[in-house]
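Peer 1: Take this structure, written in structure tokens, and hold onto it; I'll ask about it next.
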Amino acid sequence: SVGLELPDSATLSLRHDIGDNLELLADIAWTGWSSVQELVVVRDTGVPVSETPELWDDTWRFALGGTYRLNDALKLRAGVAYDQTPVPDSTRTPRLPDEDRTWIALGVQWLMSEALTFDAGYAHLFSEDASLRQNAGNTVLNGVLVGEQTSDVDVLSVQLAYRF
């Protein structure tokens with residue numbers, strides 16, 4: 001088993017109408033990832049199998065976007081966000097080679113009828129290559145893993161909602 005205290009978080013979101021068809025959206029979020037200091041895997045007997053120092057940091061995410069209503073049935077959405085990683089360089093592991101990332105997102109909403117709504121969204125996450133230099137807390141026992149991780153992330157979402 002692994003015990004993990006999930007972090008506190010706080011978010012401030014703003015929405016402002018600009019004219020009849022345009023909405024401006026902004027969001028700031030803080031997450032208290034510093035609650036994750038180590039990852040300890042324990043056998044059923046209570047004996048630790050592994051202990052990995054994590055030493056995560058609190059993070060911020062900043063987002064700005066907008067919605068444009070083309071007509072009564074169709075809305076277009078777009079946005080950008082910057083999301084900090086909680087993972088410091090010193091404890092980054094191949095299990096979670098996280099790095100700061102920038103999100104670019106596009107979406108559409110179609111009111112097909114009074115009861116039926118279709119939503120679709122696409123986001124691409126850009127991140128720097130994550131360097132790895134990890135010894136899991138002890139070079140003598142674990143050696144040193146040295147490398148680099150590259151990631152490309154695409155997120156596609158589709159939703160059909162029916163109101164009754």
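Peer 1: Mind checking Rg over Rh on region 45-126, alpha carbons, Kirkwood formula for Rh?
Peer 2: Over the Cα atoms of region 45-126, Rg/Rh equals 1.24.
Peer 1: With springs connecting C-alpha atoms under 10 Å apart, model the chain as a Gaussian network and identify which of Val108, Val47, Val36 has the largest mean-square fluctuation.
Peer 2: Result: Val47 has the largest fluctuation of those listed.
Peer 1: OK, next. Taking only protein heavy atoms and a 1.4 Å probe, what accessible area per residue, in Å², does region 14-121 have with all protein chains in place? All intermediate terms of the calculation are to be shown ahead of the outcome.
Peer 2: Details: 6430 Å² over 108 residues.
The answer is 60 Å² per residue.
Peer 1: Still on this structure: Assuming R0 = 30 Å, can you tell me the calculated FRET efficiency for the pair Asn142 and Asp58, based on Cβ-Cβ distance, to the nearest 0.05?
Peer 2: 0.65
Peer 1: Longest exposed-loop-site-free stretch of the chain, with GluC sites (Glu not before Pro), DSSP loop and at most 11 other Cβ within 10 Å?
Peer 2: Working: sites that count: Glu5, Glu114.
Longest run free of exposed loop sites: 6-113.
Peer 1: Of the accessible area of the chain, with the probe set at 1.4 angstrom, what percent is carbon plus sulfur? Present the calculation step by step, with values, prior to reporting the outcome.
Peer 2: Values: 6350 of 10930 Å².
Within the chain, the accessible surface is 58 percent carbon and sulfur.
Peer 1: Place +1 on the Cβ of every Lys and Arg and -1 on the Cβ of every Asp and Glu in region 67-132, take the dipole about the Cα centre, and give the residue among Met112, Thr93, Thr67 whose Cα lies farthest towards its positive end.
Peer 2: Result: Met112, furthest along the dipole toward the positive end.
Peer 1: Okay, helix-only estimate at 222 nm for the chain: each DSSP H run of n ≥ 4 adds -39500 (n - 2.57), divide by all residues, round to 500 deg cm²/dmol; what do you get?
Peer 2: After summing the helix terms and dividing by residue count, I get -500 deg cm²/dmol.
Peer 1: A follow-up question, please. In whole Å, what are the Cα extents of region 90-164 along the three principal axes, biggest one first?
Peer 2: Ordered largest first, region 90-164 gives principal extents of 66, 24, 12 Å.
The values are calculated or read from the model by the stated rules, or taken from the named source; none is laboratory data. Please read these numbers as outputs of a predicted model, since none were measured by experiment. Positions of Cβ are backbone-derived with ideal geometry, glycine not excepted, and every protein chain shown enters the neighbour counts. Side chains included, ligands, DNA and RNA excluded: accessible areas come from the protein's heavy atoms. Shrake-Rupley method; radii C 1.70, N 1.55, O 1.52, S 1.80 Å.
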